[in-house]
Structure formats: structure tokens, C-alpha cells
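Engineer: Got a structure for you, written out below as C-alpha cells; questions coming shortly.
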Amino acid sequence: QTLFAVDTLYLPSSNWGYYGLVLLISLVIVVISAIFIRLRRAADNAFHRRLPNPWLRHLAGAALTALVAVAVVMLTYGRGLIDHGGSLQLVLGPGDWAIDRALAGELTLGLALVALVGKMAATATTIGSGGSAGLLIPSLYLGAMVAAVVAAMTPYEPMTLIVPAMTASLVSIVNVPIAAILLPVELFSGHYLPAALLAVVVCSLLTQK
């Protein structure tokens, strides 16, 4: 079983316009990742400074995450999602459902933007309050949503932009360049290797020491 469910595999283009878009998306992800990292650190500092009691800290983090989820449901429910539970899955849970929808081209620009902001806030409040959550899938999620926003304004298949975008976010947030290169090749196709390499080089130069 693969990490993401893909019914149709779209291969990337080989023209300069496509690689220009990959470069643009990588630059946007560099900025988004810097905002997310600062947001996560700010949430961590705020929770630990204002709520030294770990139980109160966990409860406050859960409450804030729930508020984010409710706000996302109010903004997105019934607006082109696959099923009634889709609005909650844009923020809560691991995020693979929304990434699958993005890969299939089923997320509109507005939904992708709401999902991007909502997931950043929910992840920051969850991790900042001491909740159990890793950064691997959230990193892939943020990259996928950024690419979904850009794809909605271009003629390219969303998958062809999302795959290198996930590579870019892995490098920018988690700093795992080797895994970031191997992931698109193993999950999708070796055809994505050049775009993944471009994203890794750009994001490594701009985000890592």
C-alpha cells in the first residue's frame, strides 16, 4: 500500500515553463515554511510561558485546534468537497485525504488556501501545546496545498506541480534532502527526479545553513 492513493499517474512536462513554475513554487514554499516555523515556535513559547501546567496546556491546545477546525468547516462545507466529512479532514487527522484530493485535482484554489492556513494553525497549536504530532506529513501537506493553489491558475495537472512541491517542503521544514529526492521517485516516477533535484537545491540554499 502506497502512502497516497493515485488513480492516474501524470508525468511532468519537460519544457522551461514547467521548471520555471517549480522554481516559483519552491520560492513560495521557502517563505511559507519560514512563516510556519516561526508560528510553531511562537505557539510553543506562548503555551509554555502562560500555561506551565501540562494538563491545562494540552486542553488549551486541543481547544484551539478544535476552533481552527470549526472555522475551516464554516468556510468550506458544501463547497466542492467530495463528502460531508471532507471539511474536517482538511485540518484534522494526518492530512493524506486532502493530499489525495489535491493530487487528483479536486481542490479548488479557495479550498487549498483555507486548507493551507488552517493546517498551519492547527499543527502549530497541536505541537506547541505538547500534543503528539510529527512534521513529516504536515510538511508534505503544506507543499501540496501551495502547489494546488498555483496549479489552479495554470494549465498543468496539479500532480505534476504537487510532487516537486512536497520535495521542497520536506527540505525547507524537516531538512531531509535525501529522503526528499527519493520520495517522489519511489511514490510516483523517476520522471520527477529533475524537478525534485531543482526543488532540493533551491530550498537547501535558501533555508539551510
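The values are calculated or read from the model by the stated rules, or taken from the named source; none is laboratory data. Computed from a prediction, not measured in an experiment: that's the story for all the values here. With ideal geometry, Cβ positions are generated from the backbone for all residues, glycine too; neighbour counts draw on all protein chains shown. Accessible surface areas use protein heavy atoms only, side chains included; no ligands, DNA or RNA. Shrake-Rupley method; radii C 1.70, N 1.55, O 1.52, S 1.80 Å.
Engineer: Right, residue 148: in contact (Cβ under 8 Å) with a residue 40 or more places away in the chain and under 18 Å from the mean Cα position of the chain (by Cα) or not? Reasoning before the result, please.
Structural biologist: Working: in contact (Cβ under 8 Å) with a residue 40 or more places away in the chain: yes; under 18 Å from the mean Cα position of the chain (by Cα): yes.
Here the answer is yes, as residue 148 does meet what is asked.
Engineer: Pull up segment 99-110, narrow it to residues that are part of a loop (DSSP other than H, G, I, E, B) and small (Gly, Ala, Ser), then point me to the one that is most open to solvent (accessible area, probe 1.4 Å).
Structural biologist: Within segment 99-110, the subset part of a loop (DSSP other than H, G, I, E, B) is 104-108.
Restricting the remaining residues to those that are small (Gly, Ala, Ser) gives 104-105.
Details: 104: 61, 105: 43 Å².
Top of the filtered list is 104.
A quick yes/no check of all residues on (1) over 23 Å from residue 26 (Cβ atoms); (2) of a type outside the set (A, V, I, L, M, F, W, C):
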site: 104; (1), (2): no, no
site: 109; (1), (2): no, no
site: 112; (1), (2): no, no
site: 117; (1), (2): no, no
site: 125; (1), (2): yes, yes
site: 137; (1), (2): no, no
site: 146; (1), (2): no, no
site: 153; (1), (2): no, no
site: 158; (1), (2): no, yes
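Engineer: While we're on this one: Give the residues of segment 23-45 that are of a type in the set (Phe, Trp, Tyr) and in contact with a Ser or Thr (Cβ under 6 Å, 6 or more places away or on another chain), sorted by residue number. Walk me through it before giving the result.
Structural biologist: Looking only at segment 23-45, we keep the residues that are of a type in the set (Phe, Trp, Tyr), and these are 36.
Hits for segment 23-45: nothing passes.
Engineer: For segment 29-40, name all the residues that are in contact (Cβ under 8 Å) with a residue 24 or more places away in the chain and either open to solvent by 40 Å² or more (accessible area, probe 1.4 Å) or in contact with a Lys or Arg (Cβ under 8 Å, 6 or more places away or on another chain) (or both).
Structural biologist: Selection gives 34, 35, 39, 40.
Engineer: Identify the residue in segment 130-187 that is among the polar types (S, T, N, Q) and open to solvent by 30 Å² or more (accessible area, probe 1.4 Å) and, among all such residues, is modelled with the highest pLDDT.
Structural biologist: Step one: filter segment 130-187 for residues among the polar types (S, T, N, Q), giving 132, 139, 154, 160, 167, 169, 172, 175.
Subsequent filtering for residues that are open to solvent by 30 Å² or more (accessible area, probe 1.4 Å) retains 132, 154, 175.
Numbers: 132: 71, 154: 92, 175: 89.
If we take residues in segment 130-187 being among the polar types (S, T, N, Q) and open to solvent by 30 Å² or more (accessible area, probe 1.4 Å), then 154 is modelled with the highest pLDDT.
Engineer: Have a look at 162, 173 and point out the one that is closer than 23 Å to residue 122 by Cβ and in contact with a Phe, Trp or Tyr (Cβ under 8 Å, 6 or more places away or on another chain). Can you show your working first?
Structural biologist: Details: 162 fails: in contact with a Phe, Trp or Tyr (Cβ under 8 Å, 6 or more places away or on another chain).
Criteria check complete, one pass: 173.
Engineer: Let me ask something additional. Please work out which one of (1) within 16 Å of residue 144 (Cβ to Cβ); (2) in contact with a Gly (Cβ under 8 Å, 6 or more places away or on another chain); (3) at pLDDT 90 or above is the condition residue 111 fails and give its number.
Structural biologist: (3)
Engineer: Let me ask something else about it. Go through (1) surrounded by fewer than 24 Cβ atoms within 10 Å (Cβ to Cβ); (2) in contact with a Leu (Cβ under 6 Å, 6 or more places away or on another chain); (3) farther than 21 Å from residue 106 by Cα and name the single condition residue 202 misses.
Structural biologist: Only one criterion in (1) surrounded by fewer than 24 Cβ atoms within 10 Å (Cβ to Cβ); (2) in contact with a Leu (Cβ under 6 Å, 6 or more places away or on another chain); (3) farther than 21 Å from residue 106 by Cα is unmet by residue 202, namely (2).
Engineer: Something else now. Quick one: which of 88, 113, 56 is open to solvent by 60 Å² or more (accessible area, probe 1.4 Å) and out of contact with any helix residue (DSSP H, G or I) (no Cβ under 8 Å at 6 or more places or on another chain)? Spell out how you get there, then give the answer.
Structural biologist: Values: 88 fails: out of contact with any helix residue (DSSP H, G or I) (no Cβ under 8 Å at 6 or more places or on another chain); 113 fails: out of contact with any helix residue (DSSP H, G or I) (no Cβ under 8 Å at 6 or more places or on another chain).
Of the residues listed, the single one that is open to solvent by 60 Å² or more (accessible area, probe 1.4 Å) and out of contact with any helix residue (DSSP H, G or I) (no Cβ under 8 Å at 6 or more places or on another chain) is 56.
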